[in-house]
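**Q** Okay, handing you the structure first.
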Amino acid sequence: MEIKTIVAPDWLCRVLVTLLSLCEGFWAVPGPRLRPSDPRAEFDSIVNLARNLLSDTKNLFNHFKNRYPAEGEHKLETLPVLSMNAVELANIQVSGGLARLSSDLQCYQRHFEWLRKAAPLLRPMEHDIGAVHVRLERLLKRLEHLMVKLSLPRPNDPLPTLPSHGTHWSVVQAGHAIVHSFHLYLDWAARALVLIRNKL
């Protein structure tokens with residue numbers, strides 16, 4: 001029995017070689033590199049955290065007023081002071097704005113730590129105060145992580161020294177001042193974060 005060898009035409013061989021080279025080139029091409037995460041996406045998450053914290057703080061403020069009604073304006077000199085007008089807010093810059101927010105939130109964190117330690121004097125409000133404090137810490141950590149990611153300097157302002165817990169009434173007055181001030185501050189901070197985010 002005679003075996004015949006079939007010889008492919010030259011043009012077919014050239015086509016096959018070309019196809020094989022294309023396949024090798026396709027498999028040799030590396031996959032697309034993963035682009036670094038967009039800081040604006042992380043900023044959106046921080047804005048949502050700030051807004052949720054604002055809602056929680058508003059509820060805490062209302063509960064605190066209902067539980068401990070106290071007329072008049074209560075102030076603490078150790079709390080941050082909001083002195084930025086609408087024009088200054090519109091012109092807020094990324095580096096300076098984030099540094100201001102980080103420094104102020106650290107100050108509020110210290111005040112809520114103080115308020116949380118006074119829980120025996122404010123026992124019905126202990127859970128609400130603790131929940132706001134935990135969310136505040138989470139927001140501050142996310143903000144500081146973003147500043148590191150953007151290679152921005154972190155503030156090193158000295159934290160306030162708060163007095164020892166005195167009478168029940170003095171703690172109530174301080175609680176009104178802290179919660180009310182933080183509520184107003186977060187309303188400003190949420191708007192400032194959106195403006196800063198749009199400048200990235």
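**Q** Select from the stretch 71-105 the residues that are assigned to a loop (DSSP other than H, G, I, E, B) and either among the polar types (S, T, N, Q) or in contact with a Gly (Cβ under 9 Å, 6 or more places away or on another chain) (or both) and list them in ascending order. Spell out how you get there, then give the answer.
**A** So the first thing to find is which residues in the stretch 71-105 are assigned to a loop (DSSP other than H, G, I, E, B), and the list is 71-85, 91-93.
Scanning the stretch 71-105 gives HIS74, THR78, SER83, ASN85, ASN91, GLN93.
**Q** Taking the conditions exactly as written (in contact (Cβ under 8 Å) with a residue 24 or more places away in the chain, surrounded by fewer than 13 Cβ atoms within 10 Å (Cβ to Cβ) and not acidic (Asp, Glu)), does GLN106 satisfy them or not? Working first, answer last.
**A** Details: in contact (Cβ under 8 Å) with a residue 24 or more places away in the chain: yes; surrounded by fewer than 13 Cβ atoms within 10 Å (Cβ to Cβ): no; not acidic (Asp, Glu): yes.
Against the criterion (in contact (Cβ under 8 Å) with a residue 24 or more places away in the chain, surrounded by fewer than 13 Cβ atoms within 10 Å (Cβ to Cβ) and not acidic (Asp, Glu)), GLN106 does not qualify.
**Q** Let me ask you something else. Residue by residue through the stretch 109-127, note down the ones that are among the aliphatic types (A, V, I, L, M), in a helix (DSSP H, G or I) and crowded, with 18+ Cβ neighbours inside 10 Å. Break it down into steps so the answer makes sense when it comes.
**A** Restricting attention to the stretch 109-127, the residues satisfying the condition of being among the aliphatic types (A, V, I, L, M) are 115, 118-119, 121-122, 125.
Checking which are in a helix (DSSP H, G or I) leaves us with 115, 119, 121, 125.
Within the stretch 109-127, LEU115, LEU121, MET125 meet the criteria.
**Q** Can you run down the residue pairs with Cβ atoms below 9 Å, 6 or more apart or on separate chains, where the first is in the stretch 70-98 and of a type in the set (Asp, Glu) and the partner is open to solvent by less than 30 Å² (accessible area, probe 1.4 Å)?
**A** So the pair list comes out as GLU73/HIS176; GLU73/ALA177; GLU77/PRO160.
**Q** Please enumerate the residues belonging to the stretch 150-160 that are at pLDDT 85 or above and open to solvent by 40 Å² or more (accessible area, probe 1.4 Å).
**A** Matches in the stretch 150-160: LEU150, SER151, PRO153.
**Q** Go over the candidates GLY130, GLY175 one by one and state the one that is free of Cβ contacts under 8 Å to residues at least 40 places away in the same chain, open to solvent by less than 10 Å² (accessible area, probe 1.4 Å) and assigned to a helix (DSSP H, G or I). Explain how you work it out, then say what you get.
**A** Values: GLY175 fails: free of Cβ contacts under 8 Å to residues at least 40 places away in the same chain.
Going through GLY130, GLY175 in turn, the sole match is GLY130.
The values are calculated or read from the model by the stated rules, or taken from the named source; none is laboratory data. None of the values given here were measured: they were computed from a predicted structure. Reconstructed Cβ throughout: ideal geometry from the backbone, glycine too, with neighbour counts over all protein chains shown. With ligands, DNA and RNA removed, areas are computed over all heavy atoms of the protein, side chains included. Shrake-Rupley method; radii C 1.70, N 1.55, O 1.52, S 1.80 Å.
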